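**Q** Would you mind keeping the following structure in view while I ask a few things?
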Amino acid sequence: MSMLSRLGIGFMRVLAHVPLPLVRGFGAVLGRVLYVVAVPRRRVVDANLALCFPDRSRAERARLARETFVFVAQSWLDRSWLWHAPEALVASRLKVVGAAAEIDEIANGHEPMILFAPHFYGLDAAATALTMHTSRPSTTIYTTQRNLLVDEWIREGRKRFGNVIALNRVDGIKPIITGLRKGGLLYLLPDMDFGRDQTVFVPFYGVQASTMPSLSRFAKLGKAKVVPVVSKLAKGGYEIEVLPAWKDFPSDDVVADTALMNERLMSYIDAMPSQYYWVHRRFKTRPEGEASVY
């Protein structure tokens, strides 16, 4: 396994120097192959799309599924140049747009800020684009990979530019809150199903979804404003949109805040549905008495 991992990482280092159109073309072919051969994962995508977009035709959902597999493959291969290409090349492929005040504050501010970064396929590109242009300490939380070599490669890739602190989920909330209160950034991705522990059930496309209430809790504990960041694969690389800071968030109702988070996330997804991370079993944890949707 370690030999295969070394070969895979070596391949990514080489791919970093291949022109982007060729990388994306290879990703498109790989994505189409994965759509055909990765049957269990395709069933997850199909189930997610059927639950979230019941009003769309079966043919339309199949098109979204095929597209999402292409974006999976392209975004994964893009990590080659994100994590190994020269800094100037990486910067030239990442375009940050949106709210000017928030963009400036990310780069030069001193107040606690949480970057709400939903699971669009460009999330690693967005993190790189923002951290490479700020000296502010930036904390990110990640899930450890079983393969230690791959885990180290991913962690080092995400820490490549800027002052990035990569915390494991088992490290607890103390270092997260400490970092915020010192005026740092927190790059937070709370829109996945992490099981029943310390989660709440709130609607996501009308379906009760086990959801981490961490955005509301961390914002309150860290006295931090929340700024959404939406990442999009584009022809020349990635477009990272920084949206205006949320007003009146958090409230005193963590469940209502978490429901609001999902509601606003849905509006971001609706603008580019095939770029969202549908390969994740978003509804694997069900309320008591409900059957599995997968």
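Read-outs: derived from the displayed coordinates by stated rules, not from any lab. Remember, predicted model here, so these are calculated numbers, not experimental data. We place every Cβ from the backbone using ideal geometry, glycine too, and count neighbours over all the protein chains shown.
**Q** Compute the distance from the alpha-carbon center of segment 228-245 to that of segment 126-150, in whole Å.
**A** If you average the Cα positions of each part, the centres end up 17 Å apart.
**Q** Can you check what the Kirkwood hydrodynamic radius comes to for segment 1-93, Cα pairs only, in Å to one decimal? Please report the intermediate quantities before stating the final value.
**A** Numbers: mean 1/r = 0.0679 Å⁻¹.
One decimal place: 14.7 Å for the Kirkwood radius.
**Q** How much of the pair distance distribution for segment 99-212 lies past 21 Å, counting alpha-carbon pairs only, in percent?
**A** So the pairs more than 21 Å apart make up 42 percent of the total in segment 99-212.
**Q** Sum up the charges of everything whose Cβ sits under 14 Å from the Cβ of Glu241, counting Lys and Arg as +1 and Asp and Glu as -1, but leave Glu241 out.
**A** Values: positive: Lys95, Lys232, Arg264; negative: Glu102, Glu239.
Neighbourhood net charge equals +1.
**Q** Could you check what % of the DSSP bridge pairs in segment 2-275 are antiparallel, to the nearest 5?
**A** Bridges in segment 2-275 are about 35 percent antiparallel.
**Q** Over the C-alpha atoms of segment 2-275, what are the Rg and the largest Cα-to-Cα span, Dmax, in Å?
**A** Cα radius of gyration and Dmax of segment 2-275 are 18.6, 51 Å respectively.
**Q** Could you tell me which residue out of Pro112, Val293, Val97 lies farthest along the dipole of the chain toward its positive end? Charges go on the beta carbon: Lys and Arg +1, Asp and Glu -1, centred on the Cα centre.
**A** Sorting the options by dipole projection puts first Val293.
**Q** Could I ask something else about it? Between Ile173 and Ala88, what is the spin-label point distance in nm, taking each point 7 Å from the Cα along the Cα→C-beta axis?
**A** About 4.6 nm, to one decimal.
**Q** Related question: Find the relative contact order for segment 2-275 and round it to a whole percent, using C-alpha pairs within less than 8 Å whose residues are 6+ positions apart. All intermediate terms of the calculation are to be shown ahead of the outcome.
**A** Working: 453 pairs, mean separation 61.3, N = 274.
After rounding, I find 22 percent.
**Q** Stokes-Einstein diffusion coefficient for segment 201-294 at 37 °C in a medium of 0.692 mPa s, Rh from the Kirkwood formula over Cα pairs: what value in µm²/s? If you can, show how the numbers build up before the last one.
**A** Working: Rh = 15.0 Å.
Translational diffusion coefficient: 219 µm²/s.
**Q** Let me ask something additional. Magnitude of the Cβ-charge dipole of segment 2-275, K/R +1 and D/E -1, about the Cα centre, nearest 20 debye?
**A** 780
**Q** Quickly work out the Val29-to-Lys247 label distance, labels modelled 7 Å from Cα along the C-beta direction, and quote it in nm with one decimal.
**A** A separation of 5.2 nm, rounded to one decimal place.
**Q** Grab the other residues whose beta carbon is less than 12 angstrom from that of Leu189, score K and R as +1, D and E as -1, and report the net.
**A** Values: positive: Arg158, Arg169; negative: Asp124, Asp191.
Its environment carries a net charge of 0.
**Q** Now, a different point. Which one of Gly236, Phe204, Ser274 is farthest out on the positive end of the charge dipole of segment 179-294, using unit charges on Cβ (Lys, Arg +1; Asp, Glu -1) and the Cα centre as origin?
**A** Ranked along the dipole, the leading option is Gly236.
**Q** Now for a different question. If you look for lysine pairs in the chain that are eight or more places apart or on different chains, how many of them have Cα atoms under 15 Å apart?
**A** Lysine pairs meeting the criterion: 11.
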